[in-house]
1. Any residue at all in the range A:131-146 that's modelled with pLDDT of 95 or more and either of a type in the set (Asp, Glu) or farther than 22 Å from A:Arg44 by Cβ (or both)?
2. Name every residue in the range A:83-104 that is part of a helix (DSSP H, G or I) and more than 8 Å from DNA strand B (Cβ to nearest atom), in order of residue number.
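The values are calculated or read from the model by the stated rules, or taken from the named source; none is laboratory data. What you see is a predicted model, and the numbers here were worked out from it, not measured in a lab. For neighbour counting, all protein chains shown are included, and Cβ atoms are generated from backbone atoms with ideal geometry for every residue, glycine included.
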Amino acid sequence: TFSLVLLIEQNQEISFTFLTFHHSSEAVLFPDWAYKPAWSPGSRQVQLWHFLLELLGRGEGGAISWGGEWGEFIIRDPERLARLWGERKGKPHMNYDKLSRALRYYYNKHILHKTKGKRFTYKFNFSKLILVNYPGFPSSPHRSPISRFMFRK
DNA sequence: CACGGAAAGC
DNA sequence: GCTTTCCGTG
């Protein structure tokens, strides 16, 4: 588990996505700016793990859903998930073979690991999740207009 | 299926 | 830098 401290400045509204887990009393509160794609100029485009959290947070359930363990998720419909991801990225030929290669690149970056022996099952390394910087926080020396969560190495 | 190298795309 | 594409290997 980890705790999150937020510094709220005056008159600032922050939208949150509340991610809950089926078989756990634990939950993660994600500020939307921490992982959702920004639309402002200079924005980076959405990353796959952002997209996965977005679907999981919506509880959409058909293509992907949380598993039994903390941070674990199961891809219920691999080709449908790939199609949704492909639509988001403008890649009409996306499929699970290619999407899963992108997931495997996350292993070395400590974002995900595989739940071995369980088909289509991966696990977020939430214990390595850290907050980089808060948008507009004046004392941050290297502040950028877009703040993010990152997975600590 | 799952893995990871290699190369290309953006 | 983060995939996307392709593919040989277990």
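1. Checked against the condition, which is being modelled with pLDDT of 95 or more and either of a type in the set (Asp, Glu) or farther than 22 Å from A:Arg44 by Cβ (or both), the range A:131-146 yields no hits at all.
2. A:Arg83, A:Leu84, A:Trp85, A:Gly86, A:Glu87, A:Arg88, A:Lys89, A:Lys98, A:Leu99, A:Ala102
Yes/no per residue for (1) over 16 Å from A:Leu53 (Cα atoms); (2) within 8 Å of DNA strand C (Cβ to nearest atom); (3) within 16 Å of the chain's Cα centre (by Cα):
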| site | (1), (2), (3) |
| --- | --- |
| A:Asp97 | yes, yes, no |
| A:Lys109 | yes, yes, yes |
| A:Lys116 | yes, no, no |
| A:Thr121 | no, no, yes |
